[in-house]
1. Which whole-angstrom value gives the distance between the alpha carbon centres of region 283-359 and region 33-57?
2. Could you tell me which of ILE13, ALA325, THR76 has its Cα farthest along the dipole of the chain towards the positive end, charges placed at Cβ (Lys, Arg +1; Asp, Glu -1), taken about the Cα centre?
3. Give me the 1.4 Å probe accessible area per residue for region 2-148, excluding ligands and nucleic acids, in Å².
4. Arranged from highest to lowest average of other beta-carbon atoms within 10 Å per residue, in what order do the peptides 353-363, 106-116 appear?
5. For ALA381 paired with GLN47, estimate the spin-label separation in nm (one decimal), with each label point 7 Å from Cα along the Cα-to-Cβ line.
6. Taking the Cα centre of the chain as origin and charging only Cβ (+1 Lys, Arg; -1 Asp, Glu), how large is the dipole, in debye to the nearest 20?
7. Based on the Kirkwood radius over alpha-carbon pairs, what value in µm²/s does the Stokes-Einstein equation return for the translational diffusion coefficient of region 7-139 at 20 °C and 1.002 mPa s?
8. What share of Cα pairs, in percent, lie more than 30 angstrom apart in the chain?
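The values are calculated or read from the model by the stated rules, or taken from the named source; none is laboratory data. As the structure is a computational prediction, the values presented were derived from the model and not from experiment. When we count neighbours, we look across all protein chains shown, and the Cβ atoms used for this are built from the backbone with ideal geometry, even at glycine. Note: accessible area is taken over every heavy atom of the protein model, side chains too, but ligands, DNA and RNA are not part of it. Shrake-Rupley method; radii C 1.70, N 1.55, O 1.52, S 1.80 Å.
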Amino acid sequence: MQQITLLGATGSIGVSTLDVIARHPDKYSVYALSGNLQLEKLALQCQAHQAKLAVVSDSVAAAKLEGLLQGAGCTTEVLYGIDALCQVASADDVDTVMAAIVGAAGLVPTLAAVSAGKKILLANKESLVMAGGLFMQAVKESGSVLLPIDSEHNAIFQCLPNDYEQAQSAGISKLLLSASGGPFRGWSQSEMSTVTPDQACAHPNWSMGRKISVDSASLMNKGLELIEACWLFDVGPAQIEVVVHPQSIIHSLVQYIDGSVLAQLGNPDMRTPIAHALAWPQRIDAGVADLNLFEIGQLNFEKPDLEAFPCLQLAFDVAQAAGDAPAILNGANEIAVQAFLDQRIGFTQIAQVVGETLSGLSFTEPESLDAVQESDSKARAFSTAYIAEIES
Ligand code: NAD
Ligand code: MG
């Protein structure tokens, strides 16, 4: 029986994870669930999965959740705050941690799970983008097993040899990172300048949280994934090619020096990578329908348009620059996406805010978690001030 802590249980990945877990009560049990704002949903999840512990952000939310749980006769114990998140991520009873908090808020609890040597199911790509060097070092030191949940990285992981360590010795020439192109594929910058948050969040193939949906629309998501892939698979950005594939059936590919290209295919449903990582190296039923190639008929591919989607170019540049540049890109992007969702800036201004922040700050080599968080704060302060300037 694997005991699981699920950080970010109320989100899109959290809900899909609980769906898979519920299909296999003989294999998995829930130790702790965390959530931020949706307390009713979290209370129902605690009840349905008999979680031992629940973690929310502050004492007010904790009191409210306790009230809801008591009313339902549920015995889940409620904790709050960042230390509590770290506690449930590293507790002795826990085998596996699903890291599915969105954004920089996931960094500290995910690292706590890594340092405790847990099996990590990593959805929170932002933590790897911000602190890749420290993160991978901690994985090595603790012997933690790191399994990617991002569908593209999970696909690449599945297409790599079991004993994979180094691209060159494994005969790998390239990683081909799939991108759907998002809701604005084929659009120009000027066509995108007036789109609304709801338009940006209406992804053609995937149903996801609002932050990653906006990132998918700007292709910043692909940029973050490029950096994520560099750390996960120990390759440079020059060894990764982004391939726009609008059907989202091929989730990514690995090209070998003998001309072979291995791909992982499946319906666009996050329960597949989640089930893969939960059961790895075994396989379990994910509740996902069989792929019907006859219904799909065609698979298409195109090059990404870096002019229309400058966020992807910025991420390529940052991946080359390394140091704390990725943390700065990520911090500025989180501020810009929130400002767009709050309708304070336009969609195409997201890239402008991130670009200005990157050119306005100098890069350093972050050698501690504190240094990473300082870079993140610097980026947030700069981009917040820049947004205030363009608003006035
Ligand atoms: P979501 O917005 O649906 O859910 C986010 C979760 O994080 C919620 O449970 C929320 O309560 C929690 N949370 C938000 N802010 C928090 C804070 N400050 N402190 C503590 N908890 C907080 O997001 P999602 O779509 O489920 O994405 C989660 C992560 O997985 C992201 O990093 C995203 O990039 C990654 N991911 C998601 C998908 C997908 O299909 N949704 C695919 C690949 C990767
Ligand atoms: Mg992805």
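1. 30 Å
2. Farthest towards the positive end: THR76.
3. That works out to 39 Å² for each residue.
4. 106-116, 353-363
5. About 4.6 nm, to one decimal.
6. Roughly 640 debye for the chain.
7. Stokes-Einstein gives a translational diffusion coefficient of 145 µm²/s.
8. 39 percent
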